[in-house]
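Worksheet: the structure to be examined is printed underneath.
The values are calculated or read from the model by the stated rules, or taken from the named source; none is laboratory data. Because the structure is a prediction, the values reported are computed rather than measured. FYI the Cβ positions are ideal-geometry reconstructions off the backbone, even for glycines, and counts take in every protein chain you see.
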Amino acid sequence: MTATTPPGVLDERFEAERSVGPRLDELWAEEPGFVGFVTTVNHKRIGRRYLVTAAFFFMIAGLEALVMRTQLGSPDNRLVSPELYDQLFTLHGTAMIFFVATPLNNGFGNFFLPLMVGTRDMAFPRLNALSYWIFLFSGLFMFSSLVLGMAPDGGWFAYVPLTTDRYLPGLNLDFYTLGLLFLAVSSTVGAINLIVTALKMRAPGMSLNRVPLYVWAVVVQSFMLVFALPPLDVANLMLFMDRRVGTRFFAPSKGGDSILWQHLFWLFGHPDVYIIVLPAMGIISAVVPTFSRRPITAYPLVVTATIATGIISFGVWVHHMFAVGLSTVSLSFFSAATLTISLPAGIQMFAWITTLWRGRVVLSTAMLYAVGFLVAFVLGGVTGVMFAVVPFDQQVTDSYFVVAHFHYVLFGGAMLPLLAGLFYWWPKMTGRMTSVRGGAWSFALVFGGFNLTFFPMHISGLLGMPRRIYTYQPGIGWTLWNLLSTIGAFLLATGLFFTLGLFVHSLFRGARAPDDPWGGNTLEWATGSPPKPYNFPVIPTVHSANPLWDGSTMASMVEHRDDDGRTLTAEHRTLRTSELDGRLEAVMVMPEESPVPLVTAALLTAAVICLLAGLYVVAAAAFVLLGVAVLWWMWHRPEVEP
Amino acid sequence: MTAVANRTEASSRRPSRRAPEGPVGRTTGWWGMVLFICTESATFAAILASYFYLRFIHDTSWPPPGDSRPSLLVPTVGTAVLLLSCAPMLLAGRTVHRRATHVLMLLLALLGGVVFVVLQGVDYAGEWPDSTLQKDAYGSLFYTITGLHTLHVVVGLFMVLLVLAGAVVRGVGRGHPGSVRVVALYWYFLSVLAVAVYVTVYISPYL
């Protein structure tokens, strides 16, 4: 080393940056100001936007929950009307599933997947920008319905015939069908983008058996989205047409059928649970080894379990319909399938526990949240197995027991890992550390509030309290449990606001973060904190599944610092490698900033709003313009291959 | 410079004098299209499954009383033409270095697609008074499935147009064998889908 490395910077990165950093800085410099803001295709900025936008939607949907909990805090309460209550619980569920949990995962995926596989951007950067803008606009579209007093009010799974125009006239359900179809565009292209990035753009040497578990989880989740969203889209298309055009898909007297909706919805809906939980588990698989100071145990088994979960989850949807009155054969089959899916989850759970057991545990804030997840997910998993037993399910279906179960799975199984991920990766994203003591408080408040909110719901559910009632009478034994849940909800909200304050404080006052604050094992820690726009000055050669711990991978960044095939100092370039072995195939030229994604998303928004308003001719015109924009986009591509 | 990078540079600089070399491995564009086809297949799988679900959930005849079986002549010709247009599409991908042939093949494929869309319209005109979108679930399924597929063919036509425009304006030497093959992939998918739709909507009511 000829110059001294500045504090916090890894020696190897310093050497590499000294060699090619200035040239790359110039090449990858972004347009400043407003123009840069709306035209950027940088995966890290897009990932951050996903996180911030989804956190904002989380806050709104969380405040809805607080209103509902306040309403249920005492019997015979008249804080909100039944009509408003219907809108609140429907939008709360719809938003948390579609506009919070999935996009938060997408935000981390966007930011960290390219970093973890050692490349400079996503496979389709402009498509990435498009998927963010569509997510933002569809979210605003969906939430605007609440402001207009026309929020969806048929429950988040919107069963027909309740949701047909005969029983729920008005625009409420049209916001639902159009909003979800609109969002599906974003989720689908986002998923395809993540899969292709992970398949084709891994750094040389990163064969499939060296791919970080988080990346595996995101890829499996994305494959699930590719196959699970279509049934939901078809269902929403049919419902929209039944309501607006007068088709008869769900009208039994005209040859339609109302159970068809349930099949299509849950064919999406159950995989969606894993679409939310799998990447969250991937975060746990990233956090646990780092803070156990050892590689994960049984890596191949964890990968197999992840894939198995993805596949089996498509065969369990009927367990949401045990009380519908289907044949005994189908109940038995789906009951067995549901019991089966607990096996891969168990494999992952034991892999984490063994890693903790055989390692030296460091109780950082991220690790606290990870351990909290292990506890909460076991609880949610156990009640899940109970639902697989048909008689039990028929007894408690549509009661608060179900509400308790899925909040343990979705808050405990997804939000806690996402918070773990946020504390884990915050220094990488912002370049600032968070307070350790504050982190412990944050965990204590959130975990305590979470359990106090949702544990009593098991009991009120077993006592017979149905979900979705806007109030209840005193003297039937539900008052205490509801009061406890309400107190818990406010504690949880306090914890979440405290956590928000902690991050804001860190942003302005936090200590500077070094490149690798936790001694992590995956490639994102080989970049700067925050990473440069080009991520890696020299694309490394990956030598193991724990590239930052093997020594050789980091050394390869210094070795190749004069090799133009690895520094790629002309245009926006990165490497393309083979799917299985990560062998070098070609150099790819990446597109630069562009306003087209925003224009395309805006035209789609206009089309959706016109459909909602019934202006079909204008909507058709907007779709034509949209087509023109897409053609323009396709015409102006950097020629990637000869 | 690695060998790979050199080849990239050289062939984009003097394109017309070289026969384009096959790129090493699959491109990101190819994978993007394959995954797009996956999600599209799942969409049609869901809607075709709904067709059979609604047929067999009720104990009436199919098509239900009041509807007649669809006429076969026009859709059979349309589906056959779309299937046959895969041949020029395949040849278009193999003739990127011969401009005239390449353009001709793309035009033939385009023509096949247009004929299919027109014949679908003709079929609608024949069916309409007897069966409508609003009459019953049978009509809703018939028009939604065939309509959705035709819409996809229209999207495919624009993809072919784009490649055709590229070949005419930018010249085939600069050629995008990559893009032609990616578009061809979608075209084959549309043809296979046409068969699935044909068997479901037109043939299955006779069974």
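Quick notes
- Test: residue in region A:292-300 that is part of a helix (DSSP H, G or I), closer than 26 Å to A:I134 by Cα and in contact with a helix residue (DSSP H, G or I) (Cβ under 6 Å, 6 or more places away or on another chain): no
Okay, residues lined up against (1) within 12 Å of A:V409 (Cβ to Cβ); (2) touching a Ser or Thr at 6+ places or on another chain (Cβ under 8 Å); (3) of a type in the set (S, T, N, Q):
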site	(1), (2), (3)
A:A345	yes, yes, no
A:A351	no, yes, no
A:T354	no, yes, yes
A:G359	no, yes, no
A:T365	no, yes, yes
A:G372	no, no, no
A:F377	yes, no, no
A:V382	yes, no, no
A:V385	yes, yes, no
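- Any hit, region B:200-207, residues being crowded, with 16+ Cβ neighbours inside 10 Å and among the hydrophobic types (A, V, I, L, M, F, W, C): yes
- A:F99 being assigned to a helix (DSSP H, G or I) and surrounded by 24 or more Cβ atoms within 10 Å (Cβ to Cβ): yes
- Whenever a residue of region A:184-208 is at positive phi, its partners that are surrounded by 24 or more Cβ atoms within 10 Å (Cβ to Cβ) and modelled with pLDDT under 95, lying with C-beta atoms within less than 7 angstrom and at least six residues away or across chains, give the pairs A:G205/A:G582.
- A:S435 being buried (at least 21 other Cβ atoms within 10 Å of the Cβ) and of a type outside the set (K, R): no
- Residue match in region A:250-263 (condition: within 8 Å of chain B (Cβ to nearest Cβ), touching a residue at least 24 places away in the same chain (Cβ under 8 Å) and not in a helix (DSSP H, G or I)): yes
- Verdict on A:L260 being at pLDDT 95 or above, at negative phi and crowded, with 24+ Cβ neighbours inside 10 Å: no
- Answer residue from region B:128-144, given it is without any contact (Cβ under 8 Å) to a residue 60 or more places away in the chain and either among the hydrophobic types (A, V, I, L, M, F, W, C) or part of a helix (DSSP H, G or I) (or both) and is surrounded by the fewest Cβ atoms within 10 Å (Cβ to Cβ) among those: B:W128
- Residues being within 14 Å of chain B (Cβ to nearest Cβ), surrounded by 15 or more Cβ atoms within 10 Å (Cβ to Cβ) and among the small types (G, A, S) - total across region A:544-570: 1
- Checked against the criterion of being outside any helix (DSSP H, G or I) and either crowded, with 18+ Cβ neighbours inside 10 Å or of a type in the set (S, T, N, Q) (or both), region A:360-369 contains one or more residues that satisfy it.
- Taking every residue in region A:313-328 that is under 19 Å from A:F406 (Cβ atoms) and pairing it with any residue that is part of a loop (DSSP other than H, G, I, E, B) and polar (S, T, N, Q), at least 6 positions away or on another chain, the pairs with Cβ-Cβ distances below 8 Å are A:F322/A:T397; A:A323/A:T397.
- In summary, A:L140 fulfils each of the numbered conditions (1) assigned to a loop (DSSP other than H, G, I, E, B); (2) free of Cβ contacts under 8 Å to residues at least 24 places away in the same chain with the single exception of condition (1).
- When each of B:A80, B:A109, B:A92 is tested for being under 17 Å from B:V201 (Cα atoms), more than 14 Å from chain A (Cβ to nearest Cβ) and small (G, A, S), the lone residue that passes is B:A80.
- Some residue of region A:169-189 being of a type in the set (A, V, I, L, M), more than 30 Å from A:H572 (Cα to Cα) and assigned to a loop (DSSP other than H, G, I, E, B): yes
- Filter pass, A:M634 being under 30 Å from A:M206 (Cβ atoms) and at the interface with chain B (Cβ under 10 Å from one of its Cβ atoms): no
- Entirely in region B:26-127, the helices (runs of 4 or more DSSP H) that have 2 or more residues that are farther than 30 Å from A:R126 by Cα and among the acidic types (D, E): B:99-127
One line per residue, one yes/no per condition, for (1) modelled with pLDDT under 95; (2) in a loop (DSSP other than H, G, I, E, B):
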residue: A:R566; (1), (2): yes, no
residue: A:T569; (1), (2): yes, yes
residue: A:T574; (1), (2): yes, no
residue: A:P591; (1), (2): yes, yes
residue: A:V599; (1), (2): no, no
residue: A:A602; (1), (2): no, no
residue: A:A607; (1), (2): no, no
residue: A:L612; (1), (2): no, no
residue: A:L625; (1), (2): no, no
